[in-house]
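Values quoted throughout were computed directly from the atomic coordinates according to the rules given, and no laboratory measurement underlies them. On a predicted model such as this, the values are computed, not experimentally measured, just so you know.
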Amino acid sequence: MNFILIGMPGCGKTSLGKAAAGILNMKFTDLDDNIVELHGDITTIFANEGETAFRKYETEVLKASIKNTDCIISSGGGIIETAENLEILKNQTVIFIDRNPESIIRTLDSDSRPLLKGKEEAVLKLYDRRYKKYIEAMDYQIHNEGSFNECVNAIVKTIESIRG
């Protein structure tokens, strides 16, 4: 069984997922890292090929990653933007890492996130646009407003309760 972490850019999917995977002795994969390996820098993909090409690559690496077993998969923040990805997520165990936009804005490096140029307004708009889709796609919701360790422990407990 795999566990897919979804949520806004800057919510902690990658760092939290790596830490939880280490504690649980599970594999970890980051879909954005997989895209970079296969297709190059994400900012360059957006600039040269556009968001549509990026979303196609995202679906490609999602399909490949779910073939793994016993893995925590960190998705890109926009994984819920395409109908095909939403269909794939329906057959997975999805954990929504929910972090309020103000916390994201405080800690986000928007230079490496093409859809978040203009930071505050962009984050708020993206959050408003995506929130309902995150809720619809998730099986479990974890709020990332406390400490890093508290959030990692919440993910670990959630996965342990599912695995039995």
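In straight Cα distance, which aspartates and glutamates are under 20 Å from residue 56, not counting same-chain residues fewer than 8 positions off?
Filter leaves 30, 32, 33, 37, 41, 81, 84, 87.
For the chain, what class follows from the C-alpha gyration tensor (a ≥ b ≥ c being the square roots of its eigenvalues): rounded when a/c is under 1.5, otherwise prolate if a/b is larger than b/c, else oblate?
Note, shape of the chain comes out oblate.
Checking the table 13/67; 18/125; 27/125 against a 25 Å threshold on Cα-Cα, which pairs fail?
From the list (13/67; 18/125; 27/125), the Cα-Cα distance tops 25 Å for 18/125; 27/125.
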